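*Asks:* I'd like to ask you about the structure that follows.
The values are calculated or read from the model by the stated rules, or taken from the named source; none is laboratory data. Please read these numbers as outputs of a predicted model, since none were measured by experiment. Please note: Cβ atoms are built from the backbone with ideal geometry, for glycine as well, and neighbour counts cover all protein chains shown. For accessibility, only protein heavy atoms count, side chains too; no ligands or nucleic acids. Shrake-Rupley method; radii C 1.70, N 1.55, O 1.52, S 1.80 Å.
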Amino acid sequence: MFEQEINKRRTFAIISHPDAGKTTLTEKFLLYGGAINLAGTVKGRKAQRAATSDWMEIEKQRGISVTSSAMQFEYQDKCINILDTPGHQDFSEDTYRTLMAADQAVMVIDAAKGVEPQTIKLFKVCTIRKIPIFTFINKLDRESKDPFTLIDQIEEVLGIKCCLINIPISSGKSFKGIYDRKSGKVITYVPKDSGAREIETKTYSLDEAEAVIGTEYYEKLKSDIELLDGASENYDKEKVDKGELTPVFFGSALTNFGVEIFLDNFIDMTNPPMARVDNNGRTISPYDEKFSGFVFKIQANMNKAHRDRIAFLRVCSGKFTANCEVNLYKENRKVKLSQTGSLFASERKIIEEAYAGDIIGVFDPGIFSIGETFCEPPNKFCYEGIPTFAPEHFARVRQVDTMKRKQFVKGINQIALEGAIQVFNESSGMEEIIVGVVGELQFDVLIFRLRSEYNVEVKLERLPYEYIRWIDNYKDIDVEKIALTTDAKRINDLKGRPLILFQHEWSPKMVLDRNEGLVLKEFSVET
Ligand code: G4P
């Protein structure tokens, strides 16, 4: 029973460049599981979304989704957890961390645009953990790039091989459907109205399809099939598991076309939750009977009336039961996990139990931090650290009213603990601090939160640095003697580790050339 529950679990993150259709596809997934009712038409969706998942005031003001959330739905005999990631190109650090909690990623690509900048960034993070990546090329109902051009681009730009699970037959106004390579069947796409929001699908054998899609498209399809059978990568589970090969699907999320075939293949091609490694290099099996999990995200003040914080926990082993007692590794103490919920947008549901693979939200009394590991006693260990991703924007932060030093320090520290900002000191020991963020909008969130939650006004002075490097071997070298470029600046993180900021992309390499034996890292993994 216990093992069956874990075997049922699949936990994936959905990633894309904004507007590729991630939200639309997620909604379709959830519809299959009956997890949500899609009230009204697609047009009504944005208003509905604003009402349910925009937790923070600033999100409402800007109409964007700042934070990511977790959703669960049942499909066939599987229980699927989706980790949503913020679509706005800011806030990517949160997105990056969410990827640490997932076992697979689903990458949505707009068929007219191909690989976009945010896709590249997110993809790079997926490769740190070598998780399987599934590709859904979306919006085939619009004029699209040629499928072979899209595949070439994915292979070239992202450096991952593609195996096509289905082949699209034309696109846009003449979109006819897809050919499923496994079954050898053609699934047709027939718009019911001119707006093409409602469609009809039917399944035909390849031979039967000629009469339906027309000889021209039939001949083109046959030559595409031949070309792919001869020249493209075959599906190879081992390669997919290692993140070396991505199964590629085509469809139209808006019209729910190609979504079911994607889900069917996805659950077939993926594995249950994988084992994870602790900081002593020990492998912890998801089937280990003792519950364990780690915090990958902390969300503050989701409900202003409560002024609370929720820690998002990925269950990695065993079974979680409500009100259990756990050991916290970093805090080195025991706590009772009260008020646990699974989070579906802002609607909180108390959960009684969860299994390896699930995501739960835990009320945080202010003692949890990103990467904290929860273990059922007597176990006490820590899962491998979540990387600290390189911020790309920096600012010096000054308090306007210096009398409020205590609130300022408290606010900055709490927000840093949640992982929304990274805080640095200048090596010269000045009083001011430098804040680094992955997305520029996080500066606005910082000012807003310090004002509304801590009653502190701050002034930000933007700094021209864009690149940061941790000095990996700082214990073995004399950091002061490193020969820098003129655009560089030395700083320390809160743990006292030395770092270098640069203005120009080429400078880290120049510094490496000038200092033999120096090791610079783009992200640091805390242990
Ligand atoms: P995101 O989460 O990746 O940012 O994208 P989202 O799903 O919000 O989709 C972005 C826009 O693309 C939406 O249009 C959505 O309706 C549209 N879209 C998504 N999938 C498809 C598809 O398969 N075909 C077509 N033609 N369009 C698609 P919008 O105008 O911004 O919003 P709305 O007014 O439709 O809600």
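*Asks:* Using beta carbons and a limit of 7 Å, which pairs, at least six apart or on different chains, have the first residue in region 203-224 and in the same structural domain as residue 186 (by TED's automatic domain parsing) and under 14 Å from residue 190 (Cα atoms) and the second one polar (S, T, N, Q) and in a helix (DSSP H, G or I)?
*Replies:* Listed pairs, sorted by first residue: none to list.
*Asks:* Would you please name the residue that is surrounded by the fewest Cβ atoms within 10 Å (Cβ to Cβ), looking only at residues in region 131-175 that are of a type in the set (S, T, N, Q) and within 23 Å of the chain's Cα centre (by Cα)?
*Replies:* By that ranking, first place goes to 153.
*Asks:* Right, another one. Before we move on, is residue 289 under 16 Å from residue 317 (Cα atoms) and open to solvent by 60 Å² or more (accessible area, probe 1.4 Å)?
*Replies:* yes
*Asks:* What is the one condition in (1) open to solvent by 20 Å² or more (accessible area, probe 1.4 Å); (2) within 11 Å of the ligand (Cβ to nearest atom); (3) at pLDDT below 95 that residue 119 does not satisfy?
*Replies:* Of (1) open to solvent by 20 Å² or more (accessible area, probe 1.4 Å); (2) within 11 Å of the ligand (Cβ to nearest atom); (3) at pLDDT below 95, only one is false for residue 119: (1).
*Asks:* Just name the residue that is least open to solvent (accessible area, probe 1.4 Å) out of those in region 225-241 that are under 30 Å from residue 275 (Cα atoms) and at pLDDT below 95.
*Replies:* For region 225-241, the residue satisfying everything is 233.
*Asks:* Can we say residue 388 is under 30 Å from residue 291 (Cα atoms), open to solvent by 10 Å² or more (accessible area, probe 1.4 Å) and hydroxyl-bearing (Ser, Thr, Tyr)?
*Replies:* Here the answer is yes, as residue 388 does meet what is asked.
*Asks:* Please determine whether any residue of region 320-338 is at pLDDT below 75 and either within 26 Å of the chain's Cα centre (by Cα) or exposed (fewer than 12 other Cβ atoms within 10 Å of the Cβ) (or both).
*Replies:* yes
*Asks:* Can you pull out every residue in region 367-385 that is modelled with pLDDT of 90 or more, open to solvent by 70 Å² or more (accessible area, probe 1.4 Å) and closer than 30 Å to residue 128 by Cα?
*Replies:* 380
To keep it simple, each residue is scored yes or no on (1) of a type in the set (A, V, I, L, M); (2) open to solvent by 60 Å² or more (accessible area, probe 1.4 Å); (3) at pLDDT below 90.
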{"residue": "414", "(1), (2), (3)": "no, no, yes"}
{"residue": "428", "(1), (2), (3)": "no, yes, yes"}
{"residue": "471", "(1), (2), (3)": "yes, no, no"}
{"residue": "491", "(1), (2), (3)": "yes, no, no"}
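*Asks:* Quick one: in region 176-224, of everything that is closer than 23 Å to residue 253 by Cβ and small (Gly, Ala, Ser), which residue is least open to solvent (accessible area, probe 1.4 Å)?
*Replies:* In this case the residue turns out to be 177.
*Asks:* Related question: What helices (runs of 4 or more DSSP H), lying completely within region 195-283, carry at least 2 residues that are within 16 Å of the ligand (Cβ to nearest atom) and within 24 Å of residue 76 (Cβ to Cβ)?
*Replies:* Numbers: elements: 206-213, 215-231, 237-241, 259-269.
Helices (runs of 4 or more DSSP H) meeting the threshold: 259-269.
*Asks:* Oh, and also: What number of residues in region 397-446 are in a helix (DSSP H, G or I) and within 25 Å of the chain's Cα centre (by Cα)?
*Replies:* Summing the residues that are in a helix (DSSP H, G or I) and within 25 Å of the chain's Cα centre (by Cα) in region 397-446 gives 12.
*Asks:* Report, by residue number, each residue of region 340-366 that is at pLDDT 85 or above and either touching a Leu at 6+ places or on another chain (Cβ under 6 Å) or assigned to a loop (DSSP other than H, G, I, E, B) (or both).
*Replies:* 356, 357, 358, 360, listed by residue number.
*Asks:* Can you find a residue in region 86-105 that is touching a strand residue (DSSP E or B) at 6+ places or on another chain (Cβ under 6 Å), within 15 Å of the ligand (Cβ to nearest atom), under 15 Å from residue 253 (Cβ atoms) and at pLDDT 80 or above?
*Replies:* Within region 86-105, none of the residues are touching a strand residue (DSSP E or B) at 6+ places or on another chain (Cβ under 6 Å), within 15 Å of the ligand (Cβ to nearest atom), under 15 Å from residue 253 (Cβ atoms) and at pLDDT 80 or above.
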